[in-house]
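What follows is a set of notes on a single structure, which appears directly below.
Values in this text are rule-based calculations from the coordinates and carry no lab data. Small disclaimer: the values here were computed from a predicted structure and weren't measured. When we count neighbours, we look across all protein chains shown, and the Cβ atoms used for this are built from the backbone with ideal geometry, even at glycine.
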Amino acid sequence: MSRTPVVVLISGTGSTLAALLEAGAHPDCPYEIVGVIADKEAAGLAHARAAGVPTAVVRLADHADRAAWDRALAEAVAGFSPRLVVLAGFMKLLGAPLLEAHPGRIINTHPALLPSFPGAHGVRDALAHGVKVTGATVIEVDAGVDTGRILAQVAVEVREDDTEATLHERIKQAEQPLLVDVVRRLTAANRTEQEPIA
Ligand code: GRF
């Protein structure tokens, strides 16, 4: 049986992408990563290249304005014909062209327990607030900032001596299996259906 095509969007080091690629490399995995797209020459693209997965870079600076970039990003994603789009450390909000092309079929992972601490600094903000437990959340993406429907969460204890870096690293250890699990579940359950995947 053919596997469900998944596109991953990244901006950073790509450790989350690496976890998705590793699970996806097994022939019995229900999904296959068919393309990786970044908004800059992200270090994480190396994971895709090493795995022989096609990559694309769609830079905001190469486009006349934000709307043109939104259209270019949507076109780049559509070029891979994915059934599911996964944001794995992609640090830009998605515009209407991409959201409307894949309704209910774009998911994101966030390093905090939403709806607490949305935005680009979820780990730093949770630490600054003094919470004792934080974690990671996988959501369905909508037009807001980390406002979409919650699909899965995992809790991570905050230690007295945690820095943003140590806490984020521990969150990633819990976040990556959580995301892989959600992607496996969604792609296995919806292989042949046309409606929103989640
Ligand atoms: C993850 O914790 C993700 O939730 C956040 O950025 C991190 C991505 O790290 N938005 P990496 O680039 O996959 O290592």
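Structure summary
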item: C-alpha long axis of helix 66-78 to longest principal axis of the chain, angle in °; result: 70
item: Relative exposure of GLU175, GLU160, judged by other C-beta atoms within 10 Å (fewest first); result: GLU160, GLU175
item: For the chain: rounded, prolate or oblate by the Cα gyration tensor [a/c cutoff 1.5]; result: prolate
item: Amide N of segment 125-164 lying under 16 Å from the label point, which is placed 7 angstrom from the Cα of ARG185 along Cα→Cβ; result: 136-141, 149-155
item: In Hz, Karplus ³J(HN,Hα) per residue of segment 90-103 (6.51, -1.76, 1.60; θ = phi - 60°; x = Gly, Pro); result: 8, 9, 10, 6, 8, x, 4, x, 6, 4, 6, 6, 9, x
item: Stretch gain in nm, segment ASP62-ALA78, where the contour uses 0.36 nm per residue and the Cα spacing is subtracted; result: 3.9 nm
item: Gained length - ARG49 relative to GLU160, 0.36 nm times residue gap less alpha-carbon distance; result: 36.1 nm
item: Antiparallel content of DSSP bridges confined to the chain, in %, to 5; result: 40
item: Prolate/oblate/rounded call for segment 105-198, Cα gyration tensor, a/c under 1.5 rounded; result: prolate
item: Rounded, prolate or oblate (a/c below 1.5 giving rounded, otherwise prolate when a/b exceeds b/c) for segment 1-87 by Cα gyration tensor; result: oblate
item: Eligible lysines near LYS132 by straight Cα distance, threshold 26 Å, same-chain separation 8 or greater; result: LYS172
item: Listed peptides 47-55, 3-11 by packing density, highest first (mean Cβ within 10 Å); result: 3-11, 47-55
item: Sparsely packed GluC sites (Glu not before Pro) within segment 1-84, loop by DSSP, other Cβ within 10 Å at most 15; result: GLU41
item: Amide H contacts under 5 Å for GLY148, placed H, 5+ residues apart; result: ASP142
